[in-house]
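Note sheet for the following structure.
The values are calculated or read from the model by the stated rules, or taken from the named source; none is laboratory data. Keep in mind the model is a prediction, meaning the values are calculated, not measured. As a convention, Cβ positions derive from the backbone with ideal geometry for all residues, glycine included, and neighbour counts pool all protein chains shown.
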Amino acid sequence: MNKEDGGVNAVAVEALTKVYGGKPVVDGVSFTVREGEFFGILGPNGAGKTTTLEMMEGLRKADGGSVSLLGASPHPRNTSLLPRIGVQLQSSAFFERLTAKEQLVTFGALYGVEADRVDDVLALVGLTEEAHTREDKLSGGQRQRLSIACALVHDPELLFLDEPTASLDPQARRNLWDVLRGIKDRGKTIVYTTHYIEEAERLCDRIAILDHGQVIAMDTPDALVRDLDTRVSMDLPQGVLSLDEVRSLPDVQDVREEGSKICFTATDTNAVMHVLSERGDAGHLQTRTASLEDVFLELTGREYRS
Ligand SMILES: Nc1ncnc2c1ncn2[C@@H]1O[C@H](COP(=O)(O)OP(=O)(O)OP(=O)(O)O)[C@@H](O)[C@H]1O
Ligand SMILES: [Mg+2]
């Protein structure tokens, strides 16, 4: 295994490429994931997340570049890697007519997993009460959790999850975040895809933002936002200052009325605050700090549409 930044790499992807119909849909993607890291691949629909992940999992053949998982190549199919990695696909397939528990027992049997382990995994993903429910009678969110349980049943050290929280209600998504954090706390490495910016920001140690098959930014969520040389969005309720007064504030741009507010941007929040405090109006100022959406906008010139 190669080492970088003092940590051990669980995954190393180098110049990975996939071409469909003469068009590169994954176009020279490179990154490493350290052991124990929660690594997110974030990007809008069609960005190439699933294609990248499935080449990493050894399920699709790359047209160029290389993948190393735990020091070995996943393609052609590498049976020595299989017990060490867990894979959840974007569209999960289950054995027909089996209950949640039977699904796990069946998947587990492929890896020689003890029956006790199945109950633990059901509990881990919050499906204990549904253990004897047939898979086709589960709700969408419960099926999603069952597919994660199937990826986890053999206790792999490296877990790949393709949009595990898609189509879950807010409560189920939060529950799943707890499950994923719990898996990370047990020292597992997680590579996951999502198109939810806010979720990636909360869960991931590092994020690669993928767009049109290319990594356009990669770092910790904080660093991605910190490095952004963006103006801070601010607003004041109407009636506090006139439009002209707002325009005369230091380093203010993009002044406009939006409903009951006057909105503007500035680079130096403190200078604006200073002037407003002297007038006794500072309490009215609302600021919105930069987010990963701003990173995307800055890099691509267009809004992020998940
Ligand atoms: N088997 C295939 N044959 C031809 N084109 C494909 C194939 N698989 C994916 N593509 C194309 O590659 C591009 C990337 O697809 P991919 O499924 O990797 O995107 P994604 O980021 O996972 O999107 P989503 O968020 O919708 O899951 C898309 O334009 C898609 O149409
Ligand atoms: Mg996908």
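A few remarks follow.
- Of all residues in region 285-300, those being assigned to a strand (DSSP E or B) and within 24 Å of ALA217 (Cα to Cα) number 1.
- Lone unmet requirement of (1) touching a strand residue (DSSP E or B) at 6+ places or on another chain (Cβ under 9 Å); (2) under 30 Å from GLU37 (Cα atoms) for ASP222: (1)
- Residue in region 53-72 that is more than 16 Å from ligand 2 (Cβ to nearest atom), within 13 Å of LEU159 (Cβ to Cβ) and either among the polar types (S, T, N, Q) or touching a Leu at 6+ places or on another chain (Cβ under 7 Å) (or both) present: yes
- Residue match in region 234-244 (condition: more than 26 Å from LEU42 (Cβ to Cβ), hydroxyl-bearing (Ser, Thr, Tyr) and surrounded by fewer than 17 Cβ atoms within 10 Å (Cβ to Cβ)): yes
- Cross-chain or 6+ apart pairs with Cβ under 6 Å, region 152-165 first and assigned to a loop (DSSP other than H, G, I, E, B), then within 13 Å of ligand 1 (Cβ to nearest atom) and modelled with pLDDT of 95 or more: GLU163/THR193
- Condition met for PHE95 (more than 13 Å from ligand 1 (Cβ to nearest atom) and surrounded by 19 or more Cβ atoms within 10 Å (Cβ to Cβ)): no
- Condition check for ALA223: under 26 Å from ARG173 (Cα atoms), out of contact with any helix residue (DSSP H, G or I) (no Cβ under 9 Å at 6 or more places or on another chain) and either buried (at least 19 other Cβ atoms within 10 Å of the Cβ) or not polar (S, T, N, Q) (or both): yes
- Flag for LEU176 being in a helix (DSSP H, G or I), at negative phi and either in contact with an Asp or Glu (Cβ under 6 Å, 6 or more places away or on another chain) or of a type in the set (A, V, I, L, M, F, W, C) (or both): yes
- Of the strands (runs of 3 or more DSSP E) that lie entirely inside region 1-102, those containing 2 or more residues that are farther than 30 Å from ASP136 by Cβ and assigned by TED's automatic domain parsing to the domain that holds LEU180 span 7-20, 23-34, 38-42, 64-69.
- Test: residue in region 262-284 that is among the charged types (D, E, K, R) and assigned to a strand (DSSP E or B): no
- Yes/no for PRO170 being more than 16 Å from ligand 1 (Cβ to nearest atom) and assigned by TED's automatic domain parsing to the domain that holds LEU89: yes
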